[in-house]
Structure formats: C-alpha cells, structure tokens
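The values are calculated or read from the model by the stated rules, or taken from the named source; none is laboratory data. Since the structure is predicted, the reported quantities are computational estimates derived from the model, not experimental observations. Using ideal geometry, Cβ is built from the backbone for each residue, glycine included, and neighbour counts are taken over all protein chains shown.
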Amino acid sequence: MNDRIYNQGADRLRSEERIKRLEIDKVVDLCIQDKIIKTILDIGTGTGLFAEAFNKNSIIVSGIDINEKLMDSAKLFLPESEFRVAPAENIPYENNSFDATFFGLVFHEVSDYKKSLEESYRVSLYQTFILEWKYITEDFGPPIEHRLKEEFIKEIAFSVGYKSIENFLLTNLILYKIKK
C-alpha cells in the first residue's frame, strides 16, 4: 500500500484550519484567469473542496478519486457533477475531454508520477494545474519525504510533452500552471 495516500476521514479534509491554509479562492482565480477554462477534471477530488470552488465560478467539473467514501462527500456538495472511482494513472475519459485538469494536493500521492501526467496531458485540451506543498519541513501537511521538489515536477511535465510551466507561490503551497 502507498503510505503517501491520505487515509483520514472526510471531516479532516474540510476542517476550517485546513481550508484557510489552502487559499482555495486564490488558487481557483489563478487557474481560471486566462478565461479559457470551461471544463475541468479534478484528479484526486476527495471531498470536492476545489471542485466546489471551480463550480461556483461557472466551470463544469468532473472528478476522479480512488477513495469512494471521500467522493460520496463530494457528491453531496455537487450532485450535478460526475464523479468516478479511478486512479490518476488510468483516467476513464476520452482524449481532450476537458479544457484542463487539476491535482489539488494529491500529485505527491500518485503511484506513478509520469503515467499520471501522461494521462492528464491526454484528457486535457490546454493545461494542467498541480497544487502542492512547498518542499520544506513544516508542522502541517505531509512529511518532507512525501513532498516534491519543483525541479522534479518540471522534469516530468516536460518529459510528457508540456511546453511551459509557471509557478505561483502561495502562503503554504505552490501552484504549477503547466501548458500544452
């Protein structure tokens, strides 16, 4: 079993303290600032925190996650959205099904980084967003050995065909905007 995968309850993902750290509105604004995103696949959607925020900005959202119990929570908040049980390494959608894909603090949990980005590249028309923890030791978030270095993410993205990467430093996180 992958020890990097979140295995706590849905309530913890939606705790007030965690939500403050995620800067959800700022992240979503940065993702949709180009005005080309009308549809998005939330990979590792969990309880749908980011899916819900995208939806509030008139983005059509679908989500996948390997944890069906967490997705049950997402379905309560977004009953009109489609959620499927699936890993990031095997996305059950056709090529170019979405304008963009989004990994919200889950890329460090995938089993195969390259395969996950290849799949993301395949199903997105324009870009992929990866929101991750900074590569520093902190008293919250995953341990340092589960965090990913910026150079590592860039190397994988370019190796699967993405053309450009832009970083946005947030208070606790980094948002990577990766364009095809």
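Out of curiosity, is F129 at pLDDT 95 or above, closer than 25 Å to D29 by Cβ and in contact with a Cys (Cβ under 6 Å, 6 or more places away or on another chain)? In short, yes.
Residue-wise test of (1) touching a strand residue (DSSP E or B) at 6+ places or on another chain (Cβ under 6 Å); (2) closer than 20 Å to G44 by Cβ.
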| position | (1), (2) |
| --- | --- |
| S111 | no, yes |
| S116 | no, yes |
| S120 | yes, yes |
| E132 | yes, yes |
| I144 | no, no |
| K149 | no, yes |
| S164 | yes, no |
| L170 | no, yes |
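E80 meets each of the listed conditions (1) more than 20 Å from K38 (Cβ to Cβ); (2) outside any strand (DSSP E or B); (3) not aliphatic (A, V, I, L, M) apart from (1). Among all residues of region 158-165, there is at least one that is part of a helix (DSSP H, G or I) and surrounded by fewer than 19 Cβ atoms within 10 Å (Cβ to Cβ). Going residue by residue through region 63-78, is there one that turns out to be of a type outside the set (D, E, K, R), farther than 25 Å from H146 by Cβ, surrounded by fewer than 23 Cβ atoms within 10 Å (Cβ to Cβ) and modelled with pLDDT of 95 or more? Taking every residue of region 63-78 in turn, none turns out to be of a type outside the set (D, E, K, R), farther than 25 Å from H146 by Cβ, surrounded by fewer than 23 Cβ atoms within 10 Å (Cβ to Cβ) and modelled with pLDDT of 95 or more. Take the conditions (1) of a type outside the set (F, W, Y); (2) farther than 23 Å from E16 by Cα; (3) free of Cβ contacts under 8 Å to residues at least 60 places away in the same chain; (4) not in a strand (DSSP E or B); S111 misses just one of them, which is (3). Working only within region 49-80, note down all residues that are closer than 15 Å to T101 by Cβ and not aliphatic (A, V, I, L, M). Hits for region 49-80 are F50, F54, S62, G63, D65.
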